[in-house]
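Engineer: The structure's right below; bear with me while I get my questions together.
Only the coordinates and a few stated rules stand behind these numbers; no lab work does. Keep in mind the model is a prediction, meaning the values are calculated, not measured. Counting neighbours? That spans all protein chains shown, and the Cβs are built from the backbone with ideal geometry, glycine included.
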Amino acid sequence: MPNIQSAKKRVRQTARKTEVNRARRSRIRTFIKKVDNAIQEGQKSVAHTALMAAQSEIMRGVARGVIKKNTAARKISRLSMSVRNLG
């Protein structure tokens with residue numbers, strides 16, 4: 001445990017930010033799951049709508065620093081390809 005006041009503050013800040021980032025990551029995963037579920041059920045229009053929502057949520061995660069830009073681009077690309085190939 002830290003003894004210095006600034007180190008104690010840093011521990012508190014890190015705990016708060018970790019909780020916020022965990023919630024943001026969870027939210028992104030939820031949006032991705034909605035797209036995946038629509039793809040599994042073969043509902044192209046629902047999947048497309050869910051993809052639009054997921055894209056904005058993923059890019060919001062990039063802006064907030066929760067995930068890296070290339071990771072987001074890869075996820076969006078794979079989801080888009082899956083929706084496109086849905087038929």
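Engineer: Using θ = phi - 60° and the Karplus form 6.51 cos²θ - 1.76 cosθ + 1.60, what ³J(HN,Hα) does each residue of the range 5-20 get, whole Hz, x for Gly and Pro?
Structural biologist: Ordered by residue, 3J(HN,Hα) equals 4, 5, 5, 5, 4, 4, 4, 5, 5, 4, 4, 5, 5, 4, 5, 5 Hz.
Engineer: Here's a follow-up. Can you show me the helix-derived [θ] at 222 nm for the chain, built from DSSP H runs with n ≥ 4 at -39,500 (n - 2.57) apiece and divided by the number of residues, rounded to the nearest 500.
Structural biologist: One gets -30000 deg cm²/dmol as the mean residue ellipticity at 222 nm.
Engineer: If you project the alpha carbons of the chain onto the principal axes, what extent comes out on each, in Å, largest first?
Structural biologist: Principal extents (Cα only, largest first): 61, 21, 16 Å.
Engineer: Ok, one more. What is the packing order of peptides 25-31, 6-12, taking the mean over residues of other C-beta atoms within 10 Å and listing the highest first?
Structural biologist: In descending order of packing, they fall as 25-31, 6-12.
Engineer: Say the dipole of the range 5-84 comes from +1 at the beta carbon of Lys and Arg and -1 at that of Asp and Glu; which of ALA7, ALA54, ILE39 then lies farthest toward its positive end?
Structural biologist: Looking along the dipole axis, the top candidate is ALA7.
Engineer: Test of understanding: what is the full-extension gain from VAL20 to MET59, defined as 0.36 nm times their sequence separation minus their Cα-Cα distance?
Structural biologist: 12.4 nm
Engineer: Hey, another quick one. Kindly put MET59, MET1 in sequence by how many other C-beta atoms sit within 10 Å of each C-beta, fewest to most.
Structural biologist: With the sparsest Cβ surroundings first, the list reads MET1, MET59.
Engineer: Just to be sure I follow the rule: in the range 5-84, considering lysines 8 or more places apart or on different chains, how many pairs have Cα atoms under 30 Å apart?
Structural biologist: Summing the qualifying lysine pairs gives 21.
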